[in-house]
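The values are calculated or read from the model by the stated rules, or taken from the named source; none is laboratory data. It should be emphasised that the depicted structure is a prediction, and the values quoted were computed from it without experimental measurement. With ideal geometry, Cβ positions are generated from the backbone for all residues, glycine too; neighbour counts draw on all protein chains shown.
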Amino acid sequence: MSVQENIATVRHLFEGAFNTGDLTLADAALDPNYVDHSTFAPPAPGVEGFKLRMLAMRKTFPDLHFSVDDIFADGSGDKVTFRWTSRGTDQGGIMGRPATGKLVVVTGINIEYLEGGKIVEHWSAPDNLSMMQQLGVIPAPAQSGS
């Protein structure tokens, strides 16, 4: 696949699946042997794990909006890296906590490795500390005053 086709596959999966909840986008973009190396372990291996994570995120943040802010690929096009921002209102609670009703904005960076036009490996580095601070799970550092 070309560099541009791989970039389009990655963008379409992440913006499309998370913004609409369309599980068929995962089937089209992910290799059956897909491996997720995220900071939080996936709920199940493979494509099923991606779908379960997506459904859980959309349950917690029903108004979830995911945007790809920057995206590029290496010379071969097999590794696609992107910087992203997600926004959503906590309506389902996270990590067993009650819903806060707070709008949460999280940024992160992903690296996707593709073979034959399908994503085979995924690494994600979201700003989980900021998310937990926004939800009130972890206190934000005190602001210094003048």
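Pairs please, first residue from the range 95-115 and more than 15 Å from Asp74 (Cα to Cα) and in contact (Cβ under 8 Å) with a residue 40 or more places away in the chain, second anywhere and among the acidic types (Asp, Glu) and in a strand (DSSP E or B), Cβ atoms under 9 Å, 6+ apart in sequence or on different chains.
Partner pairs satisfying both residue conditions: none exist.
Given (1) among the hydroxyl-bearing types (Ser, Thr, Tyr); (2) over 20 Å from Met131 (Cβ atoms); (3) in contact with a Lys or Arg (Cβ under 9 Å, 6 or more places away or on another chain), identify the lone condition not met by Ser76.
Ser76 satisfies every listed condition except (3).
Could you figure out which of (1) among the charged types (D, E, K, R); (2) without any contact (Cβ under 8 Å) to a residue 24 or more places away in the chain; (3) more than 19 Å from Ala29 (Cα to Cα) isn't true of Lys59?
The one condition Lys59 does not meet is (2).
Please specify each residue of the range 34-49 satisfying the condition of being loosely packed, with under 13 Cβ neighbours inside 10 Å and among the aliphatic types (A, V, I, L, M).
If the condition is that a residue be loosely packed, with under 13 Cβ neighbours inside 10 Å and among the aliphatic types (A, V, I, L, M), then Ala41 is the only one that fits.
Asn19: surrounded by 13 or more Cβ atoms within 10 Å (Cβ to Cβ) and either in contact (Cβ under 8 Å) with a residue 60 or more places away in the chain or under 11 Å from the mean Cα position of the chain (by Cα) (or both), yes or no? Show your work before the answer.
Working: surrounded by 13 or more Cβ atoms within 10 Å (Cβ to Cβ): yes; either in contact (Cβ under 8 Å) with a residue 60 or more places away in the chain or under 11 Å from the mean Cα position of the chain (by Cα) (or both): yes.
Here the answer is yes, as Asn19 does meet what is asked.
If you go through the range 126-146, how many residues are under 24 Å from Gly49 (Cα atoms), among the hydrophobic types (A, V, I, L, M, F, W, C) and either loosely packed, with under 13 Cβ neighbours inside 10 Å or at pLDDT 95 or above (or both)?
So the answer is 1.
Take the conditions surrounded by 14 or more Cβ atoms within 10 Å (Cβ to Cβ), more than 18 Å from Phe14 (Cβ to Cβ) and not polar (S, T, N, Q) and apply them to Gly75. Does it pass?
Here the answer is no, as Gly75 does not meet what is asked.
Suppose the filter is more than 23 Å from Val104 (Cβ to Cβ), out of contact with any helix residue (DSSP H, G or I) (no Cβ under 8 Å at 6 or more places or on another chain) and aliphatic (A, V, I, L, M); does Ala56 pass it?
Here the answer is no, as Ala56 does not meet what is asked.
Any residue at all in the range 114-122 that is closer than 18 Å to Ala56 by Cβ and either surrounded by 14 or more Cβ atoms within 10 Å (Cβ to Cβ) or among the hydroxyl-bearing types (Ser, Thr, Tyr) (or both)? First the steps, then the outcome.
Quick first cut of the range 114-122, residues closer than 18 Å to Ala56 by Cβ only: 122.
From what's left, either surrounded by 14 or more Cβ atoms within 10 Å (Cβ to Cβ) or among the hydroxyl-bearing types (Ser, Thr, Tyr) (or both): 122.
Within the range 114-122, one or more residues are closer than 18 Å to Ala56 by Cβ and either surrounded by 14 or more Cβ atoms within 10 Å (Cβ to Cβ) or among the hydroxyl-bearing types (Ser, Thr, Tyr) (or both).
From Leu25, Leu13, which residue is surrounded by 14 or more Cβ atoms within 10 Å (Cβ to Cβ), of a type outside the set (Ser, Thr, Tyr) and free of Cβ contacts under 8 Å to residues at least 60 places away in the same chain? It would help to see each step written out before you state the result.
Numbers: Leu13 fails: free of Cβ contacts under 8 Å to residues at least 60 places away in the same chain.
Leu25 is the lone residue from the list that is surrounded by 14 or more Cβ atoms within 10 Å (Cβ to Cβ), of a type outside the set (Ser, Thr, Tyr) and free of Cβ contacts under 8 Å to residues at least 60 places away in the same chain.
Report every pair of residues separated by at least 6 positions or lying on different chains whose Cβ atoms are under 7 Å apart, first residue within the range 28-43 and under 17 Å from Tyr113 (Cα atoms), second surrounded by 12 or more Cβ atoms within 10 Å (Cβ to Cβ) and at pLDDT below 85.
Pairs that qualify, where the first residue is under 17 Å from Tyr113 (Cα atoms) and the partner is surrounded by 12 or more Cβ atoms within 10 Å (Cβ to Cβ) and at pLDDT below 85, are Asp36/Pro42.
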